[in-house]
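Just below is one structure, and these are the notes that go with it.
The values are calculated or read from the model by the stated rules, or taken from the named source; none is laboratory data. What you are looking at is a predicted structure, and each value in this text was computed from that prediction instead of being measured. With ideal geometry, Cβ positions are generated from the backbone for all residues, glycine too; neighbour counts draw on all protein chains shown.
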């Protein structure tokens, strides 16, 4: 039996009769996503951890796992925005329920050959010297790299695939409600545009399992109420093992602390 077979069947993303999903439906959807993350997905394959980010970044293989889990079929619309000197595509991915054909939502993504990592390529001296000055540069970093402009046609397929990937992940997060578990496209950003590394010890942690949270919550609330420890103490300790959602943190911080009982001083 494979790991995915042990996961409970995902609740439908839309009721057949068109009524809104219940709170239980939404809660179980989140539980299913967390189960898939822990039982099926692998770090650096289905998702990655970018230093400075509070949540893992969802990759295309991880998106495909979630689409299969919730039985979501995709269709694609491509808009070509290219010019003579730039390849640029905008892609819209539409998600429908594979069984009923119900429209669930859509995502949008764009990619351009003018993005830094596609616009320039490393060049050897002979190529660099033969390239016009306005189409070459020296990039300063740890080393000086001679670079020349990339021929947009050489990266056209890559640009289209990247735009499609971004749109697919956007649709996946939107339709499944997985944005509280994953970030998007952080790995595509240049390092200087990525979030500062301000989460330290929490970087790369998976969400704290909701069933485990519910099991431990009464004991935590009792300790907070009695003044044995604070909600901040609990959050700090728990998040060494897994990240809490804002709602989980609120349940802890909303716990009322009982006032100390007055006692007579013995004579």
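If you go through the stretch 37-52 and keep only what is buried (at least 17 other Cβ atoms within 10 Å of the Cβ) and more than 10 Å from the chain's Cα centre (by Cα), you end up with 37, 40, 41, 46, 50. Taking the criterion of being over 21 Å from residue 180 (Cα atoms) and either in contact (Cβ under 8 Å) with a residue 24 or more places away in the chain or under 22 Å from the mean Cα position of the chain (by Cα) (or both), the residues of the stretch 219-249 that qualify are 220, 221, 224, 225, 226, 227, 231. Whether a residue is within 12 Å of the chain's Cα centre (by Cα) and either within 16 Å of residue 163 (Cα to Cα) or assigned to a strand (DSSP E or B) (or both) was assessed, and residue 63 passes this test. If you go through the stretch 1-36 and keep only what is surrounded by 14 or more Cβ atoms within 10 Å (Cβ to Cβ), in a loop (DSSP other than H, G, I, E, B) and at pLDDT 70 or above, you end up with just 21. The residue pairs whose first member lies in the stretch 37-50 and is part of a loop (DSSP other than H, G, I, E, B), whose second member is modelled with pLDDT under 85 and surrounded by fewer than 13 Cβ atoms within 10 Å (Cβ to Cβ), and whose beta carbons are closer than 6 Å, counting only pairs six or more residues apart or on different chains, are 40/3. Just one residue in the set 85, 145, 180, 125 is out of contact with any strand residue (DSSP E or B) (no Cβ under 6 Å at 6 or more places or on another chain), outside the structural domain of residue 55 (by TED's automatic domain parsing) and either surrounded by fewer than 18 Cβ atoms within 10 Å (Cβ to Cβ) or over 30 Å from residue 54 (Cβ atoms) (or both); that residue is 125. Answer yes if at least one residue in the stretch 125-143 is within 30 Å of residue 175 (Cβ to Cβ) and assigned to a strand (DSSP E or B), and no otherwise. Taking every residue of the stretch 125-143 in turn, none turns out to be within 30 Å of residue 175 (Cβ to Cβ) and assigned to a strand (DSSP E or B).
Of the residues in the stretch 160-171, not one is at pLDDT 90 or above and assigned to a strand (DSSP E or B). Out of all the residues in the stretch 121-128, is one or more within 28 Å of residue 75 (Cβ to Cβ) and touching a helix residue (DSSP H, G or I) at 6+ places or on another chain (Cβ under 9 Å)? Within the stretch 121-128, not a single residue is within 28 Å of residue 75 (Cβ to Cβ) and touching a helix residue (DSSP H, G or I) at 6+ places or on another chain (Cβ under 9 Å).
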